[in-house]
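Working notes, beginning with the structure itself.
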Amino acid sequence: MKNEAPGFLNKNMELIAYHDLDEKPGFKMAIQEIGGRWYMYIAHFWHRGWTILDITHPSTPELVKFIPGPANTWTVQIQVAEGTMITALERVGDGFDTRLDAWGYDPSVPFQEGILIWDVKNPADPKQIGSFATGGLGTHRNFYAGGKYAYLAANMKGYKGNIFVVLDMSDPTHPKEVSRWWVKGQWEEGGENADRFYQLHGPYVLGNRAYLPYGRGGFIILDISDLAHPRQISRIDIGDFGSIVGAHTYLPIPSRKLAIATTEAILEDERDPLNLVLVVDISNEERPKPIANFPVPIPPDELGVSDFHEMGGKFGPHNVHMPHQQSCLAEVHDIIHICYESGGLWLYDIRAPGVPKPIAYFIPASPKERRGFLPKDLATQTEDVIVDSRGYIYITDKTHGLFILRHVE
């Protein structure tokens, strides 16, 4: 059957439903709830465009429509808040990988870049109302929680790697740049020359602070109380730890005065330098203090391997659940949901923040057919996770469809 779930291994997790997504593996997800109905918006990894699902009844998700995106363009990132959707456009390959053909890039076909802005107040029928172009390679994981401003990870013309850009969305049909901030060395057109790979992966904004995972630049906190002049407060140097991508996520947990800071696994044929999933004490934001690194997931005995690297594909941290200040999404306090690629989804308890403890996992079986260019081996690659305020957990994969889960104890 089309929506019959692949096999899986699990601990303290329950499978609620599986949706094949019409054979279009998903990536980034967003949710909105309007008038008692729940809708999910899914960006895709190998297909250009976005899918809408009705998830009002999570046990029976219904595909509403697929919206085609521009050819030869990554459309993998998406945000929804207050009836507005922002979809990222960027050149395939994200600006860091020279193996563009491995991601499906065709140099003979033009790509589009920047963002598209949509009205989704009618949740099943988005209408594009605006756009913003960078003049460079486009944008990646942007932040929009509603209101006047959007915060972009943007490759602007003349810069190497993504930088932090503040966008005024007062008139979403004509958004305007407010300011930009970058790590010295990125502005090539201005004569700067970085000796490391600096790349903002995706900002997370809370009040007048922006938390920036900045590639080899580490984890940065900005003061944006004066939006025209962002100011660095602190930076955690990751040294030689983590893959070429470096810092990937910097998620503040205000109720705990903590943050979760991660790098991203990237290599398939060999190990990255040790990737990090850090618990950071940010009670003194001028001197953030890493206090623990998550223990590396250990494969269940049933898999017959001692290390997830043996499963093929890549293994290590990727996306974590991020609430984006949306009432339809679960807040983060004591439980961290994190994707580990070939290791599936893992949940960690950080009630004792110095000793993160794995408490649950869900590991889809390796796929039986290829639906994209990567990984080279047919292996599970769990990419993104989002948790709604009802407690349902959603995960996507490079080759599988959408899994809908619940944590059970």
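Below are the figures for this structure:
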| read-out | value |
| --- | --- |
| Single residue of segment 98-123 satisfying the filter (charged (D, E, K, R) and under 20 Å from R371 (Cβ atoms)) that is modelled with the lowest pLDDT | R99 |
| Those residues of segment 385-399 which are of a type outside the set (F, W, Y) and either assigned to a strand (DSSP E or B) or modelled with pLDDT of 95 or more (or both), in sequence order | V385, I386, V387, D388, S389, R390, G391, I393, I395, T396, D397 |
| Filter result for the condition that a residue is of a type outside the set (G, A, S), surrounded by fewer than 23 Cβ atoms within 10 Å (Cβ to Cβ) and at pLDDT 95 or above, over P254, P203 | P254 |
| Looking only at segment 251-260, and only at residues there that are outside any loop (DSSP other than H, G, I, E, B) and in contact with a His (Cβ under 9 Å, 6 or more places away or on another chain), the one that is nearest to A379 (Cα to Cα) | L251 |
| Residues of segment 316-350 satisfying the condition of being within 16 Å of the chain's Cα centre (by Cα) and closer than 12 Å to Q381 by Cα | G316, P317, H318, N319, C339, Y340, E341, G344, L345 |
| Unmet criterion (only one of (1) surrounded by fewer than 17 Cβ atoms within 10 Å (Cβ to Cβ); (2) within 25 Å of A150 (Cβ to Cβ)) for Y39 | (1) |
| Close pairs (6 angstrom Cβ cut-off, 6 or more residues apart or separate chains): under 16 Å from P58 (Cβ atoms) and of a type in the set (D, E, K, R) in segment 10-36, surrounded by fewer than 22 Cβ atoms within 10 Å (Cβ to Cβ) and at pLDDT 95 or above anywhere | E14/R406; E14/V408; E33/C328 |
| Filtered residue count, segment 46-60, keeping only those that are surrounded by 23 or more Cβ atoms within 10 Å (Cβ to Cβ) and touching an Asp or Glu at 6+ places or on another chain (Cβ under 7 Å) | 1 |
| Residue pairs meeting the criteria (Cβ under 6 Å; at least 6 apart or on separate chains; first touching a residue at least 40 places away in the same chain (Cβ under 8 Å), in segment 299-311; second among the β-branched types (V, I, T) and assigned to a loop (DSSP other than H, G, I, E, B)) | P299/V305 |
| Only listed residue being among the aliphatic types (A, V, I, L, M) and on the phi > 0 side of the Ramachandran plot, chosen from L53, L21 | L21 |
| One residue from P323, P317 being outside any strand (DSSP E or B) and surrounded by 24 or more Cβ atoms within 10 Å (Cβ to Cβ) | P317 |
| Tabulated pairs, segment 71-87, first over 17 Å from F27 (Cα atoms), second hydroxyl-bearing (S, T, Y) and at pLDDT 95 or above, C-beta under 6 angstrom, 6+ apart or interchain | A81/Y144 |
| Number of positions in segment 132-154 that are in a strand (DSSP E or B) and over 26 Å from L329 (Cα atoms) | 2 |
| Matching residues in segment 363-383 - criterion: being surrounded by fewer than 24 Cβ atoms within 10 Å (Cβ to Cβ), at pLDDT 95 or above and either touching a His at 6+ places or on another chain (Cβ under 7 Å) or part of a strand (DSSP E or B) (or both) | E383 |
| Strands (runs of 3 or more DSSP E) fully within segment 1-114 counting 2 or more residues that are polar (S, T, N, Q) | 84-91 |
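Per-residue answers, yes or no, for (1) farther than 30 Å from G207 by Cβ; (2) in a loop (DSSP other than H, G, I, E, B); (3) touching a His at 6+ places or on another chain (Cβ under 9 Å):
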| position | (1), (2), (3) |
| --- | --- |
| E268 | yes, yes, no |
| P273 | yes, yes, no |
| H309 | yes, no, no |
| S327 | no, yes, no |
| L347 | no, no, yes |
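The values are calculated or read from the model by the stated rules, or taken from the named source; none is laboratory data. Just so it is clear, the structure is predicted and the values come from calculations on it, not from any experiment. Because the Cβ atoms are built from the backbone with ideal geometry, glycine has one as well, and the counts that use them run over all protein chains shown.
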